[in-house]
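> Sharing a structure, written as structure tokens. Questions coming.
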Amino acid sequence: MRNKDVTVSLEEALEIILDSVSPLSGEDISIMEASNRVLYEDIVSDIMIPPVDDSAMDGYAIIADNTNRASKNNPIKLKIIGEIQAGGSIIGKQVSKGTAIRIMTGAPIPEGADSVVRFEDTEEEARCVKIFREVVKHENYRTAGENINKRDHVLCKGDRLSSADVGILASLNYNTVKVYKQPTVSIISTGDELADIGEKTQTSRIRNVNAYTLYSEVRKYNGLPDYLGIVKDTLKDMKEIFSKALMSNVVISSGGVSTGKYDLIKEIYSDLNIEIQFEWVNVKPGRPCVFGKKDNKLIFGLPGNPVPTLTSFIQLVRPALLRLMGAKKIKKPIVNAFLEEDINSAKVHHLVRGFFTIKNNEFYVSTTGNQKPSVLRSMSAANCLIIIPENITKVKAGEKVAIQLIDHDEI
Ligand code: AMP
Ligand code: MG
């Protein structure tokens, strides 16, 4: 029977889970493996980028004042006294009144010069350059340290590394970087009725789907999944597999959390001294959902139907994995969208599978069809979840609704 004390709202469930998370320790890895991993250290620069003042364009290093009143019909002529390539040396090279040095993008600015005129505004003739326009001081001129200065706090502990972040680490000469370890995650499918991929089935058996959606999600969020197989609905088999699963940082099972005769998850938790934190979440789909902890381990008993398994993962397990990995950003963005069809709801907090489009900078959303918890197709077609709050029975086409962008990175 449903016990009121162990029913929580989705927000409360998330709070309870996040309170139970102790982030993992750090490890050094190559920056080539670091994409999407979470920084365990602050990155403070000890160098300047660029290291010296340099040119932003291919052109001529000059003194801007020398180009006063220059125009297409009245070009200024300067004598070319040398050339500097990117990575080249400026030793012995000095620009003075009436002279210019040919310079390439990224090359150091020679002494005396205060700007660069790009090739397109010039014409070379004999050993001189004709300049067709007035140049402003510091035009096409990059100052040392303007990208990154010494002691700049460039990246922070808890940042999930983007490709640009990895590039910044490379520019700061990091070969390796310290990131949070990846949580190990055991995945279990419970149910006598389940047949795994490749197994011959009678028509009434149900193909194991959840292990594979969960495996895919765990990988997507950088956990290390270990699929332990299908377990029969007997106390003995379940106890054996759950004891093994508890070697991991996180255990995720699906099925067996409802009130049916063979729903044994809660009994197993209590046998294994897993402290149950909640048993029901006030959300549809995903109402039966058990969360327990033992030492630092997080144990999730997700519903058996494929859609609530996945939506419960997105709402509750995903943020836990990200926090275990120290990530600061764990929220999927929520935006408002114009609803394109009526939705009837049953006064429960309802997450409806939807597909949003953007027209003229406005979000529009429609449902992806059959919303039964067993219909994974409408989840596969979804790129968002339409949030219908509790106590609402109907939302009409044209009204604004909140949608959660489940395919978007965390913010
Ligand atoms: P349960 O909560 O164990 O009664 O499961 C609810 C429904 O989800 C039943 O119809 C199960 O057959 C189905 N189900 C449970 N586990 C899986 C799974 N791993 N893959 C696909 N369907 C499942
Ligand atoms: Mg079952």
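What follows draws every value from the coordinates through simple rules; no lab data is involved. The structure presented is a predicted model; accordingly, all values stated were derived computationally and were not measured. Don't worry about glycine lacking a Cβ; one is built from the backbone with ideal geometry, like all the others, and counts go over all protein chains shown.
> List the residues whose amide H sits under 5 Å from the amide H of Val231, counting only those 5 or more places along or on another chain, with H placed 1.01 Å from N in the peptide plane.
Under 5 Å from the amide H of Val231 lie the amide H atoms of Ser189, Thr190, Gly191, each far enough along the sequence or on another chain.
> So what is the 222 nm mean residue ellipticity for the chain from helices alone, if each DSSP H run of at least 4 adds -39500 (n - 2.57) and you divide by all residues, rounding to the nearest 500 deg cm²/dmol? Display every interim value, and only then the final one.
Values: 8 runs with 66 residues, N = 411.
After summing the helix terms and dividing by the residues of the chain, the value is -4500 deg cm²/dmol.
> May I ask for the net charge around Gly292, where only other residues with Cβ less than 10 Å from the Cβ of Gly292 are counted and Lys, Arg are +1 while Asp, Glu are -1?
Cβ neighbours under 10 Å give a net charge of +2.
> Any idea what % of Cα-Cα pairs in the stretch 102-171 are farther than 15 Å? Don't skip to the answer; put the middle values down first.
Details: 1641 of 2415 pairs.
Summing the P(r) of the stretch 102-171 above 15 Å gives 68 percent of all pairs.
> In the stretch 176-266, what GluC sites (Glu not before Pro) fall in a loop by DSSP, with at most 11 other Cβ atoms inside 10 Å? Display every interim value, and only then the final one.
Values: sites: Glu193, Glu199, Glu217, Glu240; in loops: Glu193, Glu199.
When the GluC sites (Glu not before Pro) of the stretch 176-266 are filtered for loop state and at most 11 Cβ neighbours within 10 Å, Glu199 remain.
> Counting only residues 5 or more places away or on other chains, whose amide H sits under 5 Å from the amide H of Val135 once H atoms are built in the peptide plane?
Counting only residues 5 or more places away or on other chains, the set is Thr67.
> Find which of Leu224, Ile17, Asn210 sits farthest along the positive direction of the dipole of the chain, computed with +1 on the beta-carbon of Lys and Arg, -1 on that of Asp and Glu, about the Cα centre.
Positive-end residue among those listed: Asn210.
> Something else: Can you classify the stretch 361-411 as rounded, prolate or oblate using the Cα gyration tensor, where a ≥ b ≥ c are the square roots of its eigenvalues, rounded means a/c under 1.5, and otherwise it's prolate if a/b beats b/c and oblate if not?
In terms of gyration-tensor shape, oblate.
> Take the alpha carbon atoms of the stretch 32-55, find their center, do the same for the stretch 235-287, and report the distance between the two centers in whole angstrom.
With the stretch 32-55 and the stretch 235-287 each reduced to a Cα centre, they are spaced 44 Å.
> Decide, for the chain, between rounded, prolate and oblate: order the square roots of the alpha carbon gyration tensor eigenvalues as a ≥ b ≥ c, take rounded if a/c falls under 1.5, and otherwise choose prolate if a/b is larger than b/c, else oblate. Write out the running numbers ahead of the final one.
Values: a/c = 3.56, a/b = 2.33, b/c = 1.53.
Note, shape of the chain comes out prolate.
> Considering only DSSP beta bridges where both residues belong to the chain, give the percentage that are antiparallel (nearest 5).
65
> Which net charge results when you count Lys and Arg as +1 and Asp and Glu as -1 among the other residues whose beta-carbon is under 12 Å from that of Arg353?
Counting the neighbours of Arg353, the net charge comes to +3.
> Place a +1 charge on the Cβ of each Lys and Arg in the chain and a -1 charge on the Cβ of each Asp and Glu, then give the dipole magnitude about the Cα centre in debye, rounded to the nearest 20.
Using only the charged Cβ atoms, the result is roughly 620 debye.
> Top mean-square fluctuation among Gly229, Gly167, Gly260, Gaussian network model of the chain, C-alpha springs under 10 Å?
Greatest mean-square fluctuation among the candidates belongs to Gly260.
> Moving to a separate point now. Give the cross-link partners of Lys396 among the lysines, using a straight C-alpha distance below 29 Å as the criterion and excluding same-chain residues fewer than 8 apart.
Reachable lysines: Lys284, Lys331, Lys332, Lys347, Lys359, Lys372.
> Continuing with this model, one more query. How would the stretch 262-324 be classified by its alpha-carbon gyration tensor: rounded, prolate or oblate, with rounded meaning a/c under 1.5 and the a/b versus b/c comparison settling the rest? Kindly include the intermediate steps, with their values, before the conclusion.
Details: a/c = 2.14, a/b = 1.17, b/c = 1.83.
Oblate shape, in that a/c is at least 1.5 and b/c is the bigger or equal ratio.
> Can I ask one more? Quick check for me: using +1 on Lys/Arg Cβ and -1 on Asp/Glu Cβ, what's the dipole size of the stretch 232-375 about its Cα centre, in debye to the nearest 20?
Its charge dipole is roughly 380 debye.
> How many lysine pairs are close in the stretch 1-97, with Cα atoms under 27 Å apart and the two 8 or more places apart or on different chains?
So the count works out to 5.
> A further question follows. Which ³J(HN,Hα) values in Hz, rounded to whole numbers, follow from the phi angles of the stretch 96-108 under the Karplus curve 6.51 cos²θ - 1.76 cosθ + 1.60, where θ = phi - 60° and Gly and Pro get x?
Karplus-based 3J(HN,Hα) across the stretch 96-108 equals 10, 3, x, 10, 9, 10, 5, 9, 9, 4, x, 7, x Hz.
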